[in-house]
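The structure appears right after this line, and notes come after that.
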Amino acid sequence: MRHDIFSTPVWHIEGAPQVLVDELYQGAYQFKEVYTDTPQRSNQGGYQTPAFDWEMFHPQGIEYIDKVVGDIFKFKVESWWYNINGKGDWNIPHTHPNSDLALVLYLTDTDNLLTLVNPHAQRKMSKQNSSPKTKKGDIIIFPSDIIHYVMPNPREEDRISISMNLQLC
């Protein structure tokens, strides 16, 4: 009998409605025009909006996130923000303090550039770091204390996502 007592859960939800993805994608550039003076956090060369309250999110987006994530666990969105990485832009290794889970909703192709650092990497039996196989419209959720980073965008097109900090209820 095997017991996985220190495993790390990662949730992968596929296929947000295309209309919603398109509207959120357009919203990224609208927010970038309005919020021009933003602090640099994990982004290196890219753009991140300030963190916003859940009530400022897209109404159909709230419905969708509440439904698909609410089917897994009870939660509250503490904050959310847009990430726009142009060619060569990336995000340094970081965590999301003061939250339970981190959520990423991809609005463009991902190229699987998100890397989750294995917290048990010193164990010989442990898997190395992991890059979840995601695509445009997918959501990935993982514990917010997992160190993660995003490799440089190799494309000419911007790589756009929305990140959220979640609290379990």
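Modelled label positions at residue 157 and residue 54, each set 7 Å beyond Cα in the direction of Cβ, lie 3.2 nm from each other.
With contributions of -39500 (n - 2.57) from each DSSP H run of at least four residues, the per-residue ellipticity at 222 nm computed over the chain stands at -5500 deg cm²/dmol. Restricting everything to alpha-carbon atoms, can you work out Rg to Rh for the stretch 1-92 with a Kirkwood hydrodynamic radius? Rounded to two decimals, Rg over Rh is 1.04.
For the stretch 80-162, the mean projected area of the C-alpha convex hull, equal to one quarter of the hull surface, is 5.6 nm². Quick check for you: which residues of the stretch 2-23 have the amide N under 15 Å from the point 7 Å beyond the Cα of residue 95 toward its beta carbon? It comes to 8-9, nothing else. So what's Rg/Rh here for the chain, counting alpha carbon atoms and using the Kirkwood radius for Rh? Result: Rg/Rh = 0.96.
Relative to one another, the C-alpha centroids of the stretch 1-20 and the stretch 152-169 are positioned 17 Å apart.
Is the C-alpha gyration tensor of the stretch 1-51 telling us rounded, prolate or oblate? Criteria: a/c under 1.5 is rounded; beyond that, a/b larger than b/c is prolate, otherwise oblate.
Values: a/c = 4.87, a/b = 1.72, b/c = 2.83.
Oblate, because a/c is 1.5 or more while a/b does not exceed b/c.
Based on the Cβ-Cβ distance from residue 18 to residue 112, what FRET efficiency comes out when R0 is 22 Å, to the nearest 0.05?
Working: r = 20 Å, r/R0 = 0.93.
For residue 18 and residue 112, the calculated efficiency is 0.60.
Bear in mind that the values in this text are calculations on the coordinates, not laboratory data. Because the structure is a prediction, the values reported are computed rather than measured. All Cβ positions, glycine included, derive from the backbone under ideal geometry; neighbour counts span all protein chains shown.
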